[in-house]
Amino acid sequence: MTTWSLRRRPARTLGLLLLVVLGFLVLRRLDWSTLVPLRLRHRQLGLQAKGWNFMLEDSTFWIFGGSIHYFRVPREYWRDRLLKMKACGLNTLTTYVPWNLHEPERGKFDFSGNLDLEAFVLMAAEIGLWVILRPGPYICSEMDLGGLPSWLLQDPGMRLRTTYKGFTEAVDLYFDHLMSRVVPLQYKRGGPIIAVQVENEYGSYNKDPAYMPYVKKALEDRGIVELLLTSDNKDGLSKGIVQGDPQPGGLCSSSRELHGCSPKLARLSVAPHLKLNFFLRGAHSILLPAFFSPSHLPVLATINLQSTHELQLLTTFLFNVQGTQPKMVMEYWTGWFDSWGGPHNILDSSEVLKTVSAIVDAGSSINLYMFHGGTNFGFMNGAMHFHDYKSDVTSYDYDAVLTEAGDYTAKYMKLRDFFGSISGIPLPPPPDLLPKMPYEPLTPVLYLSLWDALKYLGEPIKSEKPINMENLPVNGGNGQSFGYILYETSITSSGILSGHVHDRGQVFVNTVSIGFLDYKTTKIAVPLIQGYTVLRILVENRGRVNYGENIDDQRKGLIGNLYLNDSPLKNFRIYSLDMKKSFFQRFGLDKWSSLPETPTLPAFFLGSLSISSTPCDTFLKLEGWEKGVVFINGQNLGRYWNIGPQKTLYLPGPWLSSGINQVIVFEETMAGPALQFTETPHLGRNQYIK
């Protein structure tokens, strides 16, 4: 038997060699395109930058986009907002992806419910919109820490938005998970994503020249094959460019031909009409030909602006840094965000139309930031800190094209007429307005002071020195991201209390409030006391800075030692008051008391809103209340503060139910008599424009 095998081994080897040669000859004659699914055969090139024009496959393409953030809009209203975008004549949706919400604890990801990115992108495709994805990892977006997770700050040497190992290792893990969801949604895989942004406005930060090439490669290595973009404002534009291999060719070869490529003259049809299978997985991926390779993807620079005075940057600076390439305003700011204690920012609709028209006439594609702003539900809002610390309000209305509640504005009607005239095809009718309801006022009937609530929170964290919020040993070692934190220690004398509080700390002697510590007030007098006294400081994280160079210094709570008469205090008891749903589950009805005539504050107030019909949107008005947070059926509506400019909180109808709805208010300093519900939004914009 052995001899037989040995005699035939040369013949078997020769046979295998002949099979290889024959296979090679057959494969040379095979038309590999027949192995690509029919629905993908026309999707070989994707969105390209050629000359002055964008091309989608072999057709000139203009991006008329608008920004909507899925995480700022109740999921039940995604379709309504996207249909309104389509009816405005836009053809592209842009959205950020918030890392801090998707990975609240290291290695634990959440893409469910209101964070279902894939469902949002697929819904946009179903409605007939292309998608430009802006995945970060940093997104700014007026979000806490620019969308970066706070657990990154547990590392005392952390250098965010650089190639610091501790940061890139976290980004790599996040991108591994995120891109596995994004890659199948790309254009060349049958999905609607035609372009992906490389980070966000890095030219304004610019602390590591290796960082943007790192992010670009991180995207490519994980299968991103569509056109890559950067976006920067005028101050950061010169430093935000990422080198790539530019694509040759183009339809317009000189600046003199620029206006000849105007969409007004071409009367282009700009909306995709697709019925595609977006769920390509598994074996289908091996059938894709070589043009799906991401190597040496070009990175197209785009600009963010609001004024017509900045338009010359489109034709001068962009041309100087990247030659003959399509021009795009990635963020045309249709309004602006508001900060607590500041004015409400508005931008006249006629000014918006004038600037949008000028941008398009200059031969540029455009994205409206924001088309619909939505709401900073919960504690997701960010802050600015240049000369003074200023936190952003709960509303992200932004004076945008649609109001916070998704209603039409004068901007919407003017822009719909404008984009309708460009497209040359009839636009779909705008969806009907969603009804609003002024429910009966609600008077809380039950009450729980913060001091009484502490005994239901379990044992406090004990530490010789104060611990900042991010380094608390909670949430599986990931620290606390949002909410409040309470510090307690014992003192035996009066004097001057001093320390660094981020962001606002209410100081109590026993249960009596004696004032506040914040960025401006770093010292406070503690009155003469006798015997054993508890010193308490309730610190609120009002929002981490989302833009600027000091994002590495955004740890919250007591930062460093707390001093009384220049001597450091010790032996602290620390309570994590994150006010997540699990936080309130500790307070059964038997823990609450009847509301006294003079409640001890801070405190929780409990009431019920009874609804007999189908629930509708409404706005919660808190006259007589000063500062706190409202929770409806476990949903955190966000912060309120009587210093304005925001005067009401948006309450979406889908978060209410027919019957009894639980309402909890956490008030820090002064309780009002009742909660009112109104049809009128907090900023007084006319949401009923037809």
**OP:** Just read off the accessible area of residue 130 with the full protein assembly in place, 1.4 Å probe, to the nearest 10 Å².
**Re:** 10
**OP:** On the full set of protein chains, 1.4 Å probe, figure out the accessible area of residue 97 and give it in Å² to the nearest 10.
**Re:** 0
**OP:** Could you pull the accessible area for residue 337 with a 1.4 Å probe, rounded to 10 Å²?
**Re:** 20
Subject >> Stretch gain in nm, segment residue 346-residue 494, where the contour uses 0.36 nm per residue and the Cα spacing is subtracted >> reply: 48.5 nm
**OP:** Find how many whole Å separate the alpha carbon centroid of the stretch 394-437 from the alpha carbon centroid of the stretch 355-369.
**Re:** 17
Original post:
Extension gain residue 512-residue 361, at 0.36 nm per residue separation less the Cα-Cα distance, in nm?
Top reply: 48.1 nm
**OP:** Using amide H atoms built 1.01 Å from N in the peptide plane, name the residues 5+ places from residue 569, or on other chains, whose amide H lies under 5 Å from its own.
**Re:** 562, 563, 564
Original post:
If we sort 470-480, 551-561, 191-201 on the protection proxy, mean other Cβ atoms within 10 Å, highest first, what's the order?
Top reply: 191-201, 551-561, 470-480
Subject >> In sequence order, calculated HN-Hα J values of the stretch 345-360 (Karplus, 6.51, -1.76, 1.60; Hz; x Gly/Pro) >> reply: 7, 10, 9, 4, 4, 5, 5, 4, 4, 4, 6, 4, 4, 5, 4, 5
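Of all the C-alpha pairs in the stretch 337-411, what % are more than 15 Å from each other?
On the way: 1731 of 2775 pairs.
Here the long-distance tail beyond 15 Å is 62 percent of all Cα pairs in the stretch 337-411.
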Subject >> Stokes-Einstein D (µm²/s) once Rh is taken as the Kirkwood radius of the stretch 479-630 over alpha-carbon pairs, at 10 °C in 1.306 mPa s >> reply: 88
Subject >> Apportionment of accessible area to carbon and sulfur, the stretch 509-615, percent (1.4 Å) >> reply: 47
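Probe radius 1.4 Å, ligands and nucleic acids ignored: give me the carbon and sulfur share of the accessible area of the stretch 347-484 as a rounded percent. Please list the in-between numbers first.
Numbers: 2660 of 4760 Å².
Whole-percent figure for carbon plus sulfur exposure: 56.
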**OP:** Enter the accessible area per residue of the stretch 329-431 (Å², integer; probe 1.4 Å; all protein chains in place).
**Re:** 28
**OP:** Mind listing the long-range amide H neighbours of residue 206? Cut-off is under 5 Å, sequence gap 5 or more, other chains count too, H placed in the peptide plane at 1.01 Å from N.
**Re:** none
**OP:** Excluding residues on the same chain fewer than 8 positions from residue 621, give the lysines whose Cα lies under 21 Å from its Cα.
**Re:** 436, 647
Original post:
Quick one: Cα centre-to-centre distance for the stretch 330-344 and the stretch 514-552, in angstrom?
Top reply: 28
Original post:
In what sequence, largest accessible area first, do 64, 109 appear using a 1.4 Å probe?
Top reply: 109, 64
Original post:
How large is ³J(HN,Hα) for each residue in the stretch 535-540, as worked out from phi by the Karplus curve 6.51 cos²θ - 1.76 cosθ + 1.60 (θ = phi - 60°), to whole Hz, x for Gly and Pro?
Top reply: 9, 10, 9, 8, 9, 9
Original post:
Residue by residue through the stretch 63-71, which ³J(HN,Hα) values in whole Hz follow from phi under the Karplus form 6.51 cos²θ - 1.76 cosθ + 1.60 (θ = phi - 60°), with glycine and proline marked x?
Top reply: 8, 10, x, x, 9, 9, 9, 4, 6
Original post:
Excluding same-chain residues fewer than 8 positions from residue 390, which aspartates and glutamates have a Cα within less than 20 Å of its Cα?
Top reply: 142, 144, 338, 399, 503, 518, 540, 549, 552, 553, 626, 668
Original post:
Under a 5 Å amide H to amide H cut-off, with H placed in plane at 1.01 Å, what residues pair with residue 327 once short-range neighbours are removed?
Top reply: 365
**OP:** Give 523/570; 523/580; 234/354; 455/570; 188/217 a once-over and call out the pairs whose C-alpha atoms are over 25 Å from each other.
**Re:** 523/580
Subject >> Net lengthening on full extension, residue 570/residue 336 (0.36 nm per residue, minus Cα-Cα) >> reply: 79.8 nm
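Under a point-charge model restricted to the Cβ atoms of Lys and Arg (+1) and Asp and Glu (-1), what is the dipole moment magnitude of the stretch 322-472 relative to its Cα centre, in debye to the nearest 20?
Numbers: 10 positive and 18 negative charges, 50 e Å.
The calculation lands at about 240 debye.
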Original post:
Ignoring ligands, DNA and RNA, what percent of the accessible area of the stretch 145-239 is carbon or sulfur (1.4 Å)?
Top reply: 49
Original post:
Counting only heavy atoms of protein chains, what accessible area per residue, in Å², does the stretch 589-678 have with a probe of 1.4 Å?
Top reply: 37
Subject >> Per residue, in Å², the accessible surface of the stretch 445-540 once ligands and nucleic acids are set aside, probe 1.4 Å >> reply: 42
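The values are calculated or read from the model by the stated rules, or taken from the named source; none is laboratory data. Note that this is a predicted model, so its numbers are computed, not measured. When we count neighbours, we look across all protein chains shown, and the Cβ atoms used for this are built from the backbone with ideal geometry, even at glycine. We work out accessible area using only protein heavy atoms, side chains counted, and drop any ligands, DNA or RNA first. Shrake-Rupley method; radii C 1.70, N 1.55, O 1.52, S 1.80 Å.
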